[in-house]
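Below: one structure, written as structure tokens.
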Amino acid sequence: MRSAIASTSIVAAPPHSGVDDVLGVLTGTLIASFGLFLLKTSSAVTGGTAGLSLLLSYASPISFSVLFFVVNVPFFALALWKKGWNFTLRSVIAVALVSAFSALHPRMIGDVAINPVYGVLFGNLLAGVGILILFRHKASLGGFNILVLLVQERLGWRAGYVQMGLDVVVVLAALSVVSTREVALSAAGALVLNFVLALNHRPGRYSAS
């Protein structure tokens, strides 16, 4: 009886409209890009292709905004294969917007001095919130997310463990260009980002599509 009552009391939320999705992608990319701006200002890295792009930007004269888009290009092919045109197109747009916003923030804010601990932890928190918003609107920032899903399907390896392993490699690679203290902060920040995603992005958590 109780289960019957509970099942009849659940009302599915209406799907997101086109306007909802546009605003959601804009909001998610703006928030995520500002989080990455804080990381860049703190000379830190994070996991995923964002962290890899930050790492490469420290070791080369190429800007993060350019590197972030270029590094994600190979993963767009995987996204097209595994998720189809709709998801891939939204992800390409999301990556392009993060690249554009990442170039905009320094111009609008200028040179600022940020406490590294604050910059790394709050930057990863914002990046995680931005990614969550993108997930809710059927988009992503591409990169390792697509790869780990493929590995899980082909080899049976848990996607979360593979993602964490790749993030660890990126953070450890930062030892070649930043100090041990900044790498330790980066590792703590990556844990914050993954905790935000693990806590909030679960199947069935939301009923809107």
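The values are calculated or read from the model by the stated rules, or taken from the named source; none is laboratory data. The structure displayed is predicted, hence computed values, not measured ones. Cβ sites come from the backbone with ideal geometry, for glycine too, and all protein chains shown count toward neighbours. All accessible areas refer to the heavy atoms of the entire protein, side chains included, with ligands and DNA or RNA removed. Shrake-Rupley method; radii C 1.70, N 1.55, O 1.52, S 1.80 Å.
Structure above, values below:
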{"quantity": "Probe 1.4 Å, accessible area per residue of segment 81-145, Å²", "calculated": "50"}
{"quantity": "Positive-end residue of L26, F101, V183, charge dipole of the chain with Cβ unit charges", "calculated": "L26"}
{"quantity": "Estimated D of the chain in µm² per second, where Rh is the Kirkwood radius over Cα pairs and Stokes-Einstein applies at 4 °C, 1.567 mPa s", "calculated": "73"}
{"quantity": "Relative contact order for the chain, counting Cα pairs under 8 Å that sit 6 or more residues apart, in percent", "calculated": "35"}
{"quantity": "Per-pair calculated FRET efficiency, R0 = 45 Å: S17 and S179 via Cβ, rounded to 0.05", "calculated": "0.40"}
{"quantity": "At R0 = 30 Å, FRET efficiency that the Cβ-Cβ distance of W81 and A198 yields, to 0.05", "calculated": "0.70"}
{"quantity": "Packing-based ranking, highest mean first, of 112-118, 183-189 given that Cβ atoms within 10 Å are counted", "calculated": "183-189, 112-118"}
{"quantity": "Nearby aspartates and glutamates by direct alpha-carbon distance to K82 (threshold 12 angstrom, same-chain neighbours under 8 apart not counted)", "calculated": "E153"}
{"quantity": "Under the span-like rule (Cα at least 20 Å along the axis, Kyte-Doolittle mean at least 0.0), DSSP H helices of the chain", "calculated": "18-41, 64-109, 116-136, 159-173, 180-200"}
{"quantity": "Paramagnetic label zone (point 7 Å from Cα along Cα-to-C-beta, W157; backbone N under 15 Å) in segment 44-87", "calculated": "48"}
{"quantity": "Highest to lowest packing among 78-88, 24-34, 60-70, 122-132, scored as the average C-beta count within 10 Å", "calculated": "122-132, 24-34, 60-70, 78-88"}
